[in-house]
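Report on one structure; see the data block that follows.
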Amino acid sequence: MLRRMEQIPAPERVRTAAQRTGDAAEALVARTLEAAGWVVIGRNVRVSRLEIDLVAVDPAPPAAIVIVEVRWRSRRDFGLAEESVDHRKQGRLRRAAFGLLDGGELPGGEALPRLPLRFDLVVVEPGEGSAGSDKPRIRHYRAAF
């Protein structure tokens, strides 16, 4: 039976403002997916030297294990966040996902369900209200690559 991942406090380390903003975006995406009926079974999952932002189970037919890459962009000066997931990043995500599947379990020891694998991209941008008062905008691309 799948259970929601418990938040285990990470060892204390210095996080930059950009990293804290990215962490908040990942937490927002995890809450949004869970509100839609998904089960988030891993956050910031390390596979060797690679990292997966979110590992979740999408129960919608067909059910699937979903590797979710979360991208936050506060501005579009250098292009869209979607454009930042190039072939190198996609390759790293694939290697991490297949390494995770080969092991058959999450780093904490929980077994992975035997389901098809899918890669999604979720982009978070600030709302357009004054001083960012609006809720952030979320764009979810299923089977992004």
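Each reported figure results from applying straightforward, stated rules to the coordinates on display, with no laboratory input. No experiment lies behind these values; they were computed from the predicted model shown. Glycine gets a Cβ as well: all are built from the backbone with ideal geometry, and neighbour counts include every protein chain shown.
From the phi of every residue in the range 35-51, what ³J(HN,Hα) in whole Hz does the Karplus formula 6.51 cos²θ - 1.76 cosθ + 1.60 yield, where θ is phi - 60° and glycine or proline is x?
Once θ is set to phi - 60°, the couplings for the range 35-51 become 5, 8, x, 6, 10, 7, 9, x, 10, 6, 6, 8, 10, 6, 9, 9, 9 Hz.
Provide the per-residue ³J(HN,Hα) series for the range 59-74, in order, calculated from phi with Karplus coefficients 6.51, -1.76, 1.60 and θ = phi - 60°, each as a whole number of Hz, with x at glycine and proline positions.
x, 4, x, x, 4, 7, 7, 10, 8, 10, 9, 9, 10, 10, 9, 8
Which of the trypsin sites (Lys or Arg not before Pro) across the range 58-145 are loop residues per DSSP, with 14 or fewer other Cβ within 10 Å?
Those that pass, being in a loop and sparsely packed, are Arg75, Arg76, Arg114, Arg142.
Taking amide H atoms as placed 1.01 Å from N in the peptide plane, list the residues 5 or more away in sequence, or in a different chain, whose amide H sits under 5 Å from that of Ala64.
When sequence neighbours closer than 5 places are left aside, the close amide H contacts are Asp58.
Within the chain, what's the longest run with no GluC sites (Glu not before Pro) in a DSSP loop and at most 10 other beta-carbon atoms within 10 Å? Give the range, please.
13-127
Which residue fluctuates most in the GNM of the chain (Cα springs below 10 Å): Asp58, Asp23, Asp102?
Asp102
With springs only between Cα atoms under 10 Å apart, run a GNM on the chain and tell me which of Phe119, Phe98, Phe78 wobbles the most.
Largest GNM mean-square fluctuation: Phe78.
Mind listing the long-range amide H neighbours of Val47? Cut-off is under 5 Å, sequence gap 5 or more, other chains count too, H placed in the peptide plane at 1.01 Å from N.
Placed amide hydrogens put Ile52 under 5 Å from Val47.
Going 7 Å from the Cα of Arg95 in the Cα-to-Cβ direction, what parts of the range 35-57 have a backbone nitrogen less than 15 Å from that spot?
46-52
Counting helices only, and only those DSSP H runs with n ≥ 4, report the 222 nm mean residue ellipticity of the chain as the sum of -39,500 (n - 2.57) divided by its residues, in deg cm²/dmol to the nearest 500.
-8500 deg cm²/dmol
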